[in-house]
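Engineer: First the structure, then my questions, so here it is.
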Amino acid sequence: MNPPHQPPSYDEADPFDLPEWLGECEVTWEAERGLATGHRVAGSLTAAGREAVPCDLLAVDDAYPEPVTTDAVRVRTHQVWRHGEVLVAADGPRVLLVVPGSRIDTDTALEALGRLARAVGARPGSYAVRLRVGP
């Protein structure tokens, strides 16, 4: 008999361990596909003359057919969000912005990126979000 599947547990990351340019440049987060793709939307953070940072948005409350992550990560996500911050985590080389909810919508994407910008000390208005239409 196979052991039950364990949901992934992502390591929390310190926003100050991210590249310094995220707090110094005009930064754009661009989705690879539309927001309707589910609980995880792949994207990247870019700035002129800088190497892109793979950065996905992950909604942690989707539990069917399997939980998106462990209960500990889900609870931590809600705690951090309640205090006006976003949980920054790592999934291999990809940065994750972990948010409450079961799907990513436009408001959540904008809020998560705004919270990341504040966390890295970016100037107000220096972050832009480029979304895709469709799945």
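The values are calculated or read from the model by the stated rules, or taken from the named source; none is laboratory data. Treat the numbers as computed from the prediction; the structure is a model and nothing was measured. Because the Cβ atoms are built from the backbone with ideal geometry, glycine has one as well, and the counts that use them run over all protein chains shown.
Conditions tested, residue by residue: (1) modelled with pLDDT under 95; (2) charged (D, E, K, R); (3) more than 17 Å from Ala117 (Cβ to Cβ).
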site: His5; (1), (2), (3): yes, no, yes
site: Gly23; (1), (2), (3): no, no, no
site: His39; (1), (2), (3): yes, no, yes
site: Val53; (1), (2), (3): no, no, no
site: Ala63; (1), (2), (3): yes, no, yes
site: Pro67; (1), (2), (3): yes, no, yes
site: Arg76; (1), (2), (3): no, yes, yes
site: Trp81; (1), (2), (3): no, no, no
site: Glu85; (1), (2), (3): no, yes, no
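Engineer: So which of Val95, Val68, Val73, Val80 is part of a strand (DSSP E or B) and either within 14 Å of the chain's Cα centre (by Cα) or within 30 Å of Glu51 (Cα to Cα) (or both)? So that I can check it myself, show each step before the final result.
Structural biologist: Values: Val68 fails: part of a strand (DSSP E or B); Val73 fails: part of a strand (DSSP E or B); Val80 fails: part of a strand (DSSP E or B).
Going through Val95, Val68, Val73, Val80 in turn, the sole match is Val95.
Engineer: Determine if the range 89-103 includes at least one residue that is under 19 Å from Pro7 (Cα atoms), out of contact with any strand residue (DSSP E or B) (no Cβ under 7 Å at 6 or more places or on another chain), at pLDDT below 95 and not charged (D, E, K, R).
Structural biologist: Yes, that holds for at least one residue.
Engineer: While we're looking at this one, here's another question. Please enumerate the residues belonging to the range 48-71 that are small (Gly, Ala, Ser) and in contact with a Ser or Thr (Cβ under 7 Å, 6 or more places away or on another chain). I'd like the intermediate steps shown before the answer.
Structural biologist: As a first pass, look at the range 48-71 and keep what is small (Gly, Ala, Ser): 48-49, 52, 59, 63.
Ala52, Ala59 - these are the residues of the range 48-71 that are small (Gly, Ala, Ser) and in contact with a Ser or Thr (Cβ under 7 Å, 6 or more places away or on another chain).
Engineer: Looking at the structure I just gave you, is Leu57 assigned to a strand (DSSP E or B), touching a Cys at 6+ places or on another chain (Cβ under 6 Å), without any contact (Cβ under 8 Å) to a residue 60 or more places away in the chain and crowded, with 19+ Cβ neighbours inside 10 Å? Quick ask: steps written out before the conclusion?
Structural biologist: Details: assigned to a strand (DSSP E or B): yes; touching a Cys at 6+ places or on another chain (Cβ under 6 Å): no; without any contact (Cβ under 8 Å) to a residue 60 or more places away in the chain: yes; crowded, with 19+ Cβ neighbours inside 10 Å: yes.
Here the answer is no, as Leu57 does not meet what is asked.
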